[in-house]
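Note sheet for the following structure.
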Amino acid sequence: MSLTSAATLATLDRTGPRRITDLAAVEGVTQPAMTALVRVMEESGLVERRGDASDKRVTLVCLTEAGASYVRTRHQAGVHAFERLIGELTGDEVEALVAALPALKHLAELESQDREGPKH
């Protein structure tokens, strides 16, 4: 799976259903590229398109259960990789990581806000 596909699935998992135009902007690709990507992920059963109850003209891209499961599995694999690597650090290095956690959390929040853009 491409990084853009994985990032798009993660965005949908974090933010819920989105318009293709929003997803393209968040992921930094063109709308035609996102449309093609969504089509491939739809054929793979990872996403589906649904109408927007608040605006019948709008189609939203939504995660399927298979897509949500993929995101969870990928997230858990990352957690296990970090656990293993952190286990190889010295006590001082672990303390330095713990001390940096508030700043890292703030960076993640800023990045998330930047990637999500305005919500619809």
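The values are calculated or read from the model by the stated rules, or taken from the named source; none is laboratory data. This one's a predicted model, so the numbers in the text were calculated from it and none came from an experiment. Using ideal geometry, Cβ is built from the backbone for each residue, glycine included, and neighbour counts are taken over all protein chains shown. What goes into the accessible areas is simple: the full protein's heavy atoms, side chains included, and nothing from ligands, DNA or RNA. Shrake-Rupley method; radii C 1.70, N 1.55, O 1.52, S 1.80 Å.
Observations on the structure shown:
- Subset of segment 11-24 (residues that are surrounded by fewer than 16 Cβ atoms within 10 Å (Cβ to Cβ) and in a helix (DSSP H, G or I)): 14, 21
Yes/no matrix, rows are residues, columns are (1) in a helix (DSSP H, G or I); (2) at pLDDT below 95; (3) open to solvent by 30 Å² or more (accessible area, probe 1.4 Å):
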position: 9; (1), (2), (3): yes, no, no
position: 26; (1), (2), (3): yes, yes, no
position: 66; (1), (2), (3): yes, no, yes
position: 81; (1), (2), (3): yes, yes, yes
position: 101; (1), (2), (3): yes, yes, yes
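- Residue 89 falls short on exactly one of the conditions (1) within 16 Å of the chain's Cα centre (by Cα); (2) surrounded by fewer than 15 Cβ atoms within 10 Å (Cβ to Cβ), and that condition is (1).
- Selection within segment 45-57: residues that are open to solvent by 80 Å² or more (accessible area, probe 1.4 Å) and not basic (Lys, Arg). The member of this set that is nearest to residue 69 (Cα to Cα) is 53.
- Selection of first residues in segment 75-89 that are under 15 Å from residue 13 (Cβ atoms) and of second residues that are open to solvent by less than 100 Å² (accessible area, probe 1.4 Å), restricted to Cβ pairs under 9 Å at least 6 apart or on distinct chains, gives the following pairs, ordered by first then second residue: 75/10; 75/13.
- Pairing each residue of segment 1-23 that is under 22 Å from residue 77 (Cβ atoms) with any residue that is among the β-branched types (Val, Ile, Thr) and in a helix (DSSP H, G or I), provided the two are 6+ apart or on different chains, yields C-beta distances under 6 Å for 9/71; 10/71; 11/26; 13/71.
- Subset of segment 28-41 [part of a helix (DSSP H, G or I) and surrounded by fewer than 20 Cβ atoms within 10 Å (Cβ to Cβ)]: 31, 32, 33, 35, 36, 39, 40
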